[in-house]
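Undergrad: Attaching a single structure in structure tokens format; questions to follow.
The values are calculated or read from the model by the stated rules, or taken from the named source; none is laboratory data. The shown structure was predicted, so the numbers you read here are calculated from the model rather than taken from an experiment. Cβ atoms come from the backbone with ideal geometry, glycine included; neighbour counts cover every protein chain shown.
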Amino acid sequence: MSRRIERSIARRELLRAEYGDSDDEDYEISETPNTIPSITKHSLPPRDILKLFYDSFHLLFDSPDLEKFIQSVKTELYNREYLAAFDNDDKRMAYCCRWSPSRALAYTSLFGSLIEVRELIQSQEANVLLIGGGAGAELAAVCSVLTKAIVDNDASEDLDFNIDLFDIADWSRITNKLSSEIRKTWFNNKYQDEIKINFKNHDILNHSTDFSTYNFISLLFTTNELFKEDKKKSLQFFQQLNQTCEPGTLLLITESAGSYSHIEIGTKKFPIQFLIDTILLGKHYQKNPDDGDWELVRQTDSCWYRVGNDPNEYSYPLKLENMRFFFRLYRKK
């Protein structure tokens, strides 16, 4: 744990000891929430996030082919043809225009409301890995919380923030465009050396990765894709997380709630979160919490992010989607 996080936690505990818990305290996600807020005070406002995507890709909204590519991606995702859905730049750009803004709003709320994740980002000292994050929603969410922390507290003298994005599809044009816009608009062309953003066209299942340097790893709507690609290698990937992540590392996983996220192992079907819990927490974690390599910090099997109604905050040329999903936040022992 960094010195800055320790100081932040210590300050919060001192305030609670002196004044108690306030009824007006900002929304914090409970251990089993059924909703997350549309806006969190710990990030940039929704209008800034939507403007980021619009300014980055505004030329595409006038393209006569945009709707065609959106429908193509939608059909292939529905059929779980994940590799085909993102096999060219036209489809990737269409996805980024249509769905990434909604995802970015939800992820920003999630990161800002999960106190463990929020404080890590606010520390301004982190090494973050966004697996399957090529479409830019996770990048926007992390940078939104980070930018708010810098604006509120000034840049820390210890500012040292690295964001790696790994994705099997080549999202380099998208991530480069978003990164450039973030640096210009949110970071005001500062912190070139202190904040690093790197995209790698990297199949996490077929490349050995050293996870020991990362203190926050996310798999947001990615786990189903991994198991669809290769179940055996996906199991090995999670075992690698068990073996190589350092104590204190946070791992956040989200997926669609309900039967869409059930997986077949042999002749049986399981909710994918049950399988992941078993791998990370151990087979007997419910009776023996010390069984596995990770502890379960927060969870829900179903929660909603709902887009707000304020037209000043939620103006965007394409439809913004509500999201229903489950999440698990783990911490390495």
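Undergrad: Filter the range 49-90 for residues that are of a type in the set (D, E, K, R), within 21 Å of Tyr260 (Cβ to Cβ) and out of contact with any Lys or Arg (no Cβ under 7 Å at 6 or more places or on another chain) and give the result.
TA: Step one: of the range 49-90, the residues of a type in the set (D, E, K, R) are 51, 55, 62, 65, 67-68, 74, 76, 80-81, 87, 89-90.
Checking the rest, the ones that are also within 21 Å of Tyr260 (Cβ to Cβ) come to 74, 76, 80-81.
Hits for the range 49-90 are Lys74, Glu76, Glu81.
Undergrad: Another one. Output the residue which, of all residues in the range 135-163 that are under 11 Å from Leu44 (Cβ atoms) and among the aliphatic types (A, V, I, L, M), is surrounded by the fewest Cβ atoms within 10 Å (Cβ to Cβ).
TA: Applying the filter and picking the extreme gives Val151.
Undergrad: Which pairs have Cβ atoms under 6 Å, sit 6 or more apart or on different chains, and link a residue in the range 119-133 that is at pLDDT 95 or above to one that is of a type in the set (S, T, N, Q) and in a strand (DSSP E or B)?
TA: As it stands, the answer is Asn127/Asn162; Leu130/Ser218, since those pairs meet every condition given.
Undergrad: Could you say whether any residue in the range 278-287 is outside any loop (DSSP other than H, G, I, E, B) and of a type outside the set (Val, Ile, Thr)? Let's see the steps before the verdict.
TA: Here is the first cut: in the range 278-287, the residues outside any loop (DSSP other than H, G, I, E, B) are 278-281.
Restricting the remaining residues to those that are of a type outside the set (Val, Ile, Thr) gives 280-281.
Yes, there is a match, as at least one residue in the range 278-287 is outside any loop (DSSP other than H, G, I, E, B) and of a type outside the set (Val, Ile, Thr).
Undergrad: Which condition number in (1) touching a residue at least 40 places away in the same chain (Cβ under 8 Å); (2) in a helix (DSSP H, G or I); (3) in contact with a Ser or Thr (Cβ under 9 Å, 6 or more places away or on another chain) is the one that Ser234 fails?
TA: The failed condition is (1).
Undergrad: If you don't mind, another one. Taking the conditions exactly as written (touching a residue at least 40 places away in the same chain (Cβ under 8 Å), among the small types (Gly, Ala, Ser) and assigned to a strand (DSSP E or B)), does Ser218 satisfy them or not?
TA: On the way: touching a residue at least 40 places away in the same chain (Cβ under 8 Å): yes; among the small types (Gly, Ala, Ser): yes; assigned to a strand (DSSP E or B): yes.
Judged against the criteria, Ser218 is a match.
Undergrad: Could you give me the residue pairs with C-beta distances under 8 Å whose first residue belongs to the range 247-262 and is within 16 Å of Phe274 (Cα to Cα), whose second residue is surrounded by fewer than 19 Cβ atoms within 10 Å (Cβ to Cβ) and modelled with pLDDT under 90 wherever it lies, and which are 6+ apart or on separate chains?
TA: Note: pairs meeting the criteria are His262/Lys269; His262/Phe270.
Undergrad: Can you find even one residue in the range 286-309 that is touching a helix residue (DSSP H, G or I) at 6+ places or on another chain (Cβ under 8 Å), surrounded by fewer than 16 Cβ atoms within 10 Å (Cβ to Cβ) and touching a residue at least 60 places away in the same chain (Cβ under 8 Å)?
TA: yes
Undergrad: Would you mind finding the one in Thr249, Thr244 that is touching a strand residue (DSSP E or B) at 6+ places or on another chain (Cβ under 6 Å) and surrounded by 15 or more Cβ atoms within 10 Å (Cβ to Cβ)?
TA: On the way: Thr244 fails: touching a strand residue (DSSP E or B) at 6+ places or on another chain (Cβ under 6 Å).
After applying the criteria, what remains is Thr249.
Undergrad: Taking only pairs six or more apart or across chains, which ones have beta-carbon atoms under 6 Å, a first residue in the range 141-169 that is closer than 30 Å to Glu81 by Cα and modelled with pLDDT of 95 or more, and a second residue that is among the aromatic types (Phe, Trp, Tyr) and part of a loop (DSSP other than H, G, I, E, B)?
TA: Matching pairs, first to second residue: Ala169/Phe86.
Undergrad: State whether the residues of the range 39-51 include one that is under 15 Å from the mean Cα position of the chain (by Cα), in contact (Cβ under 8 Å) with a residue 60 or more places away in the chain and not in a strand (DSSP E or B). Spell out how you get there, then give the answer.
TA: In the first step, residues of the range 39-51 are kept if they are under 15 Å from the mean Cα position of the chain (by Cα); the result is 43, 49.
If we keep only those that are in contact (Cβ under 8 Å) with a residue 60 or more places away in the chain too, we end up with 43, 49.
Next, only the ones that are not in a strand (DSSP E or B) stay: 43, 49.
Within the range 39-51 (the criterion being under 15 Å from the mean Cα position of the chain (by Cα), in contact (Cβ under 8 Å) with a residue 60 or more places away in the chain and not in a strand (DSSP E or B)), the answer is yes, since at least one residue qualifies.
Undergrad: Tally up the residues in the range 60-70 that are exposed (fewer than 13 other Cβ atoms within 10 Å of the Cβ) and either modelled with pLDDT under 95 or within 12 Å of Pro317 (Cα to Cα) (or both), please.
TA: Within the range 60-70, residues that are exposed (fewer than 13 other Cβ atoms within 10 Å of the Cβ) and either modelled with pLDDT under 95 or within 12 Å of Pro317 (Cα to Cα) (or both) number 2.
Undergrad: From (1) surrounded by fewer than 19 Cβ atoms within 10 Å (Cβ to Cβ); (2) among the basic types (Lys, Arg); (3) closer than 18 Å to Ile174 by Cα, pick out the condition that doesn't hold for Lys74.
TA: Exception for Lys74: condition (3).
Undergrad: Inside the range 206-224, can you point out the residues that are of a type outside the set (Asp, Glu), exposed (fewer than 15 other Cβ atoms within 10 Å of the Cβ) and over 17 Å from Val142 (Cβ atoms)? Quick ask: steps written out before the conclusion?
TA: In the first step, residues of the range 206-224 are kept if they are of a type outside the set (Asp, Glu); the result is 206-209, 211-224.
Narrowing further to those that are exposed (fewer than 15 other Cβ atoms within 10 Å of the Cβ): 206-208, 212-213.
Correct list: Asn206, His207, Ser208, Ser212.
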